[in-house]
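Worksheet: one structure, shown below.
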């Protein structure tokens, strides 16, 4: 009898562990995300290392128009799995940011699990709050930010972000510390609340 109980505990533990195990490969490359020379990139574009002209050539056929607010220049585009903006704010017109969002687009966006498998653990977390209510959790990586607005009470593995912003290769966002806190994993939003 004791053997059956122990066997049942072992099988149950193994099933729970298998259910929580993350898959071995991230689907991010299928979404257009990758690592290029050690930096996050989208369709091979690394902000800070690609010219504005070359970046626009990469999204040719998906563009929806250009806008210029001196010195900011934006190109809006819609891809099969996301949409967003190419952004430049430098006089030499180097691409400075790729801002992506699934909102209003038909494609799927990567999940938190996909992002963590591909980019690893964020170096810090920024939160926006209204009084004591956390309204946004932003994961901070050296050259990438990922925004999860408060839509449910919990940040889960299957949550999809609202925005993924790939930043300039020359900037290391992990050097910023003011107002940031450590990554606490998937948990309730209020656990990221600042005192």
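The values are calculated or read from the model by the stated rules, or taken from the named source; none is laboratory data. This structure is a prediction, so every number in the text was calculated from the model and none was measured. As a convention, Cβ positions derive from the backbone with ideal geometry for all residues, glycine included, and neighbour counts pool all protein chains shown.
Brief remarks on what is shown
- Some residue of the range 144-159 being at positive phi and in a loop (DSSP other than H, G, I, E, B): no
- Within the range 125-177, the set of residues being surrounded by 15 or more Cβ atoms within 10 Å (Cβ to Cβ) and free of Cβ contacts under 8 Å to residues at least 24 places away in the same chain comprises 136, 138, 147, 149.
- Each residue in the range 101-124 was checked for being modelled with pLDDT under 95, crowded, with 16+ Cβ neighbours inside 10 Å and either in a loop (DSSP other than H, G, I, E, B) or more than 14 Å from the chain's Cα centre (by Cα) (or both), and 5 of them qualify.
- In the range 180-195, the residue that is surrounded by the most Cβ atoms within 10 Å (Cβ to Cβ) out of those that are assigned to a loop (DSSP other than H, G, I, E, B) and at pLDDT below 85 is 193.
- Taking residues in the range 76-94 that are more than 18 Å from residue 57 (Cβ to Cβ), and partners anywhere that are assigned to a strand (DSSP E or B) and modelled with pLDDT of 80 or more, the pairs with Cβ atoms closer than 6 Å and at least 6 places apart or on different chains are 82/100; 89/72.
- Any chance residue 135 is at pLDDT 85 or above, more than 21 Å from residue 96 (Cα to Cα) and not in a loop (DSSP other than H, G, I, E, B): yes
- The residues in the range 170-179 that are more than 16 Å from the chain's Cα centre (by Cα) and part of a loop (DSSP other than H, G, I, E, B) can be counted, and the count is 6.
- In the range 40-55, the residue that is modelled with the lowest pLDDT out of those that are closer than 22 Å to residue 91 by Cβ and under 22 Å from the mean Cα position of the chain (by Cα) is 55.
- Subset of the range 76-92 that is touching a helix residue (DSSP H, G or I) at 6+ places or on another chain (Cβ under 9 Å) and at pLDDT 85 or above - its residue that is farthest from residue 44 (Cα to Cα): 88
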